[in-house]
Structures are given as C-alpha cells and as structure tokens.
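Enquirer: Before we start, here is the structure in question, set down as structure tokens.
The values are calculated or read from the model by the stated rules, or taken from the named source; none is laboratory data. None of these values were measured; they are calculated from a predicted model. Cβ sites come from the backbone with ideal geometry, for glycine too, and all protein chains shown count toward neighbours.
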Amino acid sequence: MKDTQAIIEARHVTMGYGDYVLQKDMNFTVNKHDIFIIMGGSGCGKSSLLRLLTGLNQPLKGDIFVKGINFTKADSDVQKNIMINNGILYQSGALFSSMTLAENVALPLQQYTDYSQQTIQELVSLKLALVGLAGFESFYPSEISGGMKKRAGLARALALDPEIVYFDEPSAGLDPISSKLLDDLMKNINQSLGTTLVVVTHELSSLLDIGTNGVFLDAETKTIIAQGHPKDLLKNPPNETVYEFLTRGKTEYVK
Amino acid sequence: MNMSFEQKQSQLVVNLTGSFERADNPSMKEALFRLAWDVQTQRIVIHAQTLGTWDSSLVVVLYTLKKIALERGILFQSSTLPKQLNSLLDLALTVDRKPPQRNDETPDFLEVLGTIGINTCQAIGRGLIFIRDVMGALGRFFTKRVVMRSVDFWTELDNCGPKAVLIVSLISFMVGLILAFVGAIQLKTFGAQIFVASLVTIGMIRIMGAIMVGIIMAGRTGASYAATIGTMQVNEELDALKTMGIPVTDFLILPRLVTLVIAMPILVLLADFMGMLGGAFVGVLLLDIPAGEYWKYAWEAFGLTNFLVGLFHGLVFGFVIGLCGCYYGVQCGRNADSVGIATTKAVVWSIVWMIVLTGLITYLCEVIGI
C-alpha cells in the first residue's frame, strides 16, 4: 500500500525579493514517494520556490514544514540537519571542478558519516554505478559530457540516502535521449529507494512521464492555479493557462 | 551489522536479519568477499526473510557480491530480497557506458622536457599574438575606428582611478613612514637625521612610489581584470563577442588597458606625495626636525629627472598590469578553477615583469646618464 504521509507542506507561503512579490499565499503538500513537479512558464518563480524549499531563501510570509518540522522558523542547526537528509541536483550538476567524480560523491560521506575509507570508496562506486557512471571514478567534471555531469551530480545528491531529492531543470541542455535516460533513472530511484523527488521543470514530455503530483504556478495572477497529477491536469485542465501550457500553446480551450 | 555467512559445500549462504542502517564492518565484509572469490564457492545464496529497514550500507555489500558472482560466472540467488533492493542491484549493474581508456603511464624525462619546451614556445607565441592584437586595437583607438563603448571607458577609469586613491594613499604614506624610520636609525649614528628628508624624497619619487602603486594595482586591478574576463570566458561571453565579429581586444581589453595607463602616472604622483608626507610625519613629529628644514631638504632632493623617471615607471607598469590581467583572462579555461589560476598568474606575472622592466629601465637610465 502506498504511504501518503505528507513530507513537505507549504502553508500560506508568499515569496519574492524585497517589495516584489513573485507568488502569494501558496498552499500545497508533497507526499512521501511522490514525484512532485513544480510547473509553470518562465519567470513564474519555479526556481525561487525550489530555493525556498531548500532553505537557500526565506519566504516573505508563511511557513514550510518538512517532516512536520517548521523548516522556515527552525534555527540554523535544525535546518542544517534537515538539509543533510535532502539531496539537490542543480541545473549544471554543480560538481566541484577541482575534484574527481569519486571525490565529489565522497565529500558528503566523509563529512557526515563514520564509514571507513574502504566503505566510502565502495559506496562511491555504488552511487556512480546507480547513475550509469561505473568506472568513471577518476574522471574530472571537465572530462565528461553535460548529461554525465548531471548524473554525477545526482550520485552526489544520493550519497547520504536522502529522503527527498530536489531537481532544478534536470532536462535543461540535454538531448532527448539523455533526457529520457535521466527521467528513467529518476523513476527508478523513486521506486527502488522510495525517495521523494521534487522537480522543477517545464519540459512537457518529462513532467507528464515522471510526475505523480504537482503544482502549477502562474506569473500573471501570482498564485498556484492548478494542483494534481500532471496527466490529470492534461485530461481535465482547470483553466486556459494550464491547458495552453500542457498542450504546447493550443488555444481551443473549452471549459 | 546483522549479517552472518557460512560456506556450505559449494554454496556461500548469507543471512541478513533485522535493520541495516549506516552499518559498517570492514573486516567482516572482507572475509565475506574472500569467500565469494573462493574457487569452491559456486553459488551465492542470500536469505533475507527477516530483513528490516536498510540503506546503502547493505546495498553496497550485495552489489559487490553480485559483481563478484557476475565476474566469476557463478549463480547469485537473491529471491528473498525485497523487490526494490533487487531492482536497485539491477540498476547499479546496468552498464550503459564504458569509460574511455586513459593513458596513465608516467612520461619519461625526455618527454617531460619536450612537453615543457613545446608549451613554453606556444605560450610565447600566444603572448606575442596577443601583443600584436592589442597594438592593432591601439592603432584603431588612435584612428577612432575602435569598437568600444564610452561608458566602459569611464567605468574602468573610475575603477582604476578614483576608487584606488584611498588604498594607494594609505600604503604610500606607510611606506614613506617606514623608509624614514629605517633611514633615521642609520643616519642618527652620524647625527645626520636631516637627510631623512632627502632619502625619503628620492626613494619615493624615483622608484618606490611607482613600485608600490604597481604592486597595489597588480593585486587590485590586474587580478580583477583576469577574474572578470575569465568569468566571461566561462560564461561563453567571449565566444559571443567573437561570433558577433566584435574584437575582444577592442571591446574588453582596450578600455581597461588605456584607462590603467592613464591612471597609473596620476596614482604614482599621489603615491610620491603621500610617501613624502609619511616621511615628514616621522621627521617632524618623531625626530624633531623643524618642518621648514624638512621641506627645504626634501625640495632640494626633488629632481625633475627623478620625478619624470618615476612617472615613466608608472606608465610602463600600467601597460604591463593591463596586458597581464587581460591576457590571462582571455587565456582562462572554462571552469571555476581556471578563473583562480588566471587571477594568480595575472598578479604573479605582472609583478615579475614590473621588476624585470624596472631593472631594464634603471640600466638604460644609467647608460644615458639620468
């Protein structure tokens, strides 16, 4: 039976910069084992919302709860503990260029676990193998392709067996095959490790393929204008904006 | 680690019970893997009926065992493992891309020597081409055919001129002060403290002022040029300029180089004055030399030739710092590390070339008798 326990909850969250409001009064819940998609057009605040969820920015109003703890109001130690149990894959992979792939993946393990050096090496090989990069341990980020960098970034994000992994535009800059491979990998990780994935994307094929839940941010009204399974939103679009977005610009919306 | 194992005839039986979270027992794992490699072992059987929660610390053991089994061509029986664990093992063992072969051989002495030689020749070639391009851009600048925005020129002039005044003033004042102190200790033994004024004046205006400003500007402005242009290289902004047909030398290098060449002699002038002020501070307040006497001796030591040689140094240093900063920025690689390397090289080579050229200018002055 699927566990539908809430793992992230946003309550009346308003975000922006200074006086400029990007999105207001956002309410949504991410359940355990979801692949939760943050959808919306360019400039609606998807990446800003991700920065909020990962603690890089603070909301102007409202609270974000992670596993029942008020992440927004928690002190820095509690926030740090929560973040250690989360993994993040940045748009470019954000690998440290002066380190090999093995050293990149080993870094969080050395920092936050008591594993022996041998076990760390074995775990690094396992994580790289999981993302299809077995044997690339001694390579530097500059020696691999963009898609491989993203996969290596994912291996690093998975190093500490996180409960939640955040993805910022995972398909950006990838060819369709690499993009599909990454989508399959994300689904595999979600199913086999039970990891909750929160994904910012506007790649239609990807969000319809992997998403199990999501929110749609609208730049015009500065609110969430749809929530639910992306495929359900495509079948029964609640408004014209969502319909246009999910059908790549078709305009014959009928309510 | 709730794991036990035994070898039963040709079978290696591994029993997993209870929870596996952050479990680590290297010696136990080593013994298990040794048995898996044992020629007698023809089948690895996992019993995991009572397995509780687990994480990567268990997956890594099973992954290694399954890899050994695959490599040896023996059976790996894991039907009692949870479905997710088995699919995770399958995922880890799906090799979709083999790493390319790398040449890890250590090169011999001759090869290293040859590589250094080739790299040095290439670096000299790149440097000369860069200087040629800059000279071409300077030619276009003087004939007003250059692609340069005036706003860039004024912004750069502001960066390397007025914004550097405070730090140049402070350091030059301190250098004048130190020169006066050190000189005073020696001159006092002959009762000739008054010559501190001459010492500081000649020292500052002839060479120290220019060298101090050069070192400050190499660290402050040369480094900033290399970092800015290097980051633009990382962000492909230099590529964008090239594909638009806009010469990088005109658009990025010239405003920086020209403004620095203009600003440096003025900063040297300021440094000379502040250094003399620092010397006067020590002379008048600490060595009890009357202010009028001090300035009289300072003015006598102040030769126009010395002063102009100092300014000429400033002009040359401005050119050197601008060239080095921009050259290493343009030559920067395409990652964060490269920007750091470019910045370091810009500062180090600016200072090296400044010292080399100071030696050359001093020698030429000696030859022509000034």
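Enquirer: Considering every residue within segment B:356-369, establish whether at least one is of a type in the set (Gly, Ala, Ser), more than 10 Å from the chain's Cα centre (by Cα) and farther than 11 Å from B:ALA226 by Cβ. So that I can check it myself, show each step before the final result.
Expert: The first filter runs over segment B:356-369 and keeps only residues of a type in the set (Gly, Ala, Ser), leaving B:359, B:369.
Filter again for more than 10 Å from the chain's Cα centre (by Cα), leaving B:359, B:369.
Subset that is farther than 11 Å from B:ALA226 by Cβ: B:359, B:369.
Yes.
Enquirer: Going by the structure shown, is A:ILE225 within 14 Å of chain B (Cβ to nearest Cβ) and either assigned to a helix (DSSP H, G or I) or hydrophobic (A, V, I, L, M, F, W, C) (or both)?
Expert: Numbers: within 14 Å of chain B (Cβ to nearest Cβ): no; either assigned to a helix (DSSP H, G or I) or hydrophobic (A, V, I, L, M, F, W, C) (or both): yes.
No: the conditions fail for A:ILE225.
Enquirer: In this structure, does B:GLU111 turn out to be within 14 Å of chain A (Cβ to nearest Cβ) and surrounded by 10 or more Cβ atoms within 10 Å (Cβ to Cβ)? Spell out the reasoning first.
Expert: Numbers: within 14 Å of chain A (Cβ to nearest Cβ): no; surrounded by 10 or more Cβ atoms within 10 Å (Cβ to Cβ): yes.
Criteria not met by B:GLU111.
Enquirer: Among helices (runs of 4 or more DSSP H) lying entirely in segment B:172-283, which contain 2 or more residues that are hydroxyl-bearing (Ser, Thr, Tyr), touching a helix residue (DSSP H, G or I) at 6+ places or on another chain (Cβ under 8 Å) and touching a residue at least 12 places away in the same chain (Cβ under 8 Å)?
Expert: Per the criteria, B:196-203, B:223-234.
Enquirer: Moving on to the next point. With respect to A:PHE136, determine if the residue is under 19 Å from A:ILE88 (Cα atoms) and either surrounded by 23 or more Cβ atoms within 10 Å (Cβ to Cβ) or touching a residue at least 60 places away in the same chain (Cβ under 8 Å) (or both).
Expert: Details: under 19 Å from A:ILE88 (Cα atoms): no; either surrounded by 23 or more Cβ atoms within 10 Å (Cβ to Cβ) or touching a residue at least 60 places away in the same chain (Cβ under 8 Å) (or both): yes.
So A:PHE136 fails the test.
Enquirer: Given the residues A:SER125, A:SER98, which is the only one that is modelled with pLDDT under 90, at the interface with chain B (Cβ under 9 Å from one of its Cβ atoms) and in contact with an Asp or Glu (Cβ under 9 Å, 6 or more places away or on another chain)?
Expert: Working: A:SER125 fails: modelled with pLDDT under 90.
Of A:SER125, A:SER98, the one residue that is modelled with pLDDT under 90, at the interface with chain B (Cβ under 9 Å from one of its Cβ atoms) and in contact with an Asp or Glu (Cβ under 9 Å, 6 or more places away or on another chain) is A:SER98.
Enquirer: Residues to consider are A:GLU137, A:GLU122; find the one that is part of a helix (DSSP H, G or I) and among the acidic types (Asp, Glu).
Expert: Values: A:GLU137 fails: part of a helix (DSSP H, G or I).
Every option except A:GLU122 fails the conditions.
Enquirer: For segment A:63-110, which residues satisfy the criterion of being touching a Lys or Arg at 6+ places or on another chain (Cβ under 9 Å), buried (at least 17 other Cβ atoms within 10 Å of the Cβ) and more than 27 Å from B:ASP337 (Cβ to Cβ)?
Expert: Selection gives A:ILE64, A:PHE65, A:ILE82.
Enquirer: Do we have any residue at all in segment A:178-196 that's modelled with pLDDT of 90 or more and either over 15 Å from the mean Cα position of the chain (by Cα) or assigned to a loop (DSSP other than H, G, I, E, B) (or both)?
Expert: Checked segment A:178-196: at least one residue is modelled with pLDDT of 90 or more and either over 15 Å from the mean Cα position of the chain (by Cα) or assigned to a loop (DSSP other than H, G, I, E, B) (or both).
Enquirer: Among the listed residues B:LEU138, B:LEU75, B:LEU85, identify the single one that is over 30 Å from B:CYS326 (Cβ atoms) and away from chain A (no Cβ under 14 Å).
Expert: Numbers: B:LEU138 fails: over 30 Å from B:CYS326 (Cβ atoms); B:LEU85 fails: away from chain A (no Cβ under 14 Å).
Answer to the check: B:LEU75.
Enquirer: Of all residues in segment A:136-160 being within 10 Å of chain B (Cβ to nearest Cβ) and closer than 14 Å to A:LEU123 by Cβ, which is nearest to the chain's Cα centre (by Cα)?
Expert: A:LEU158
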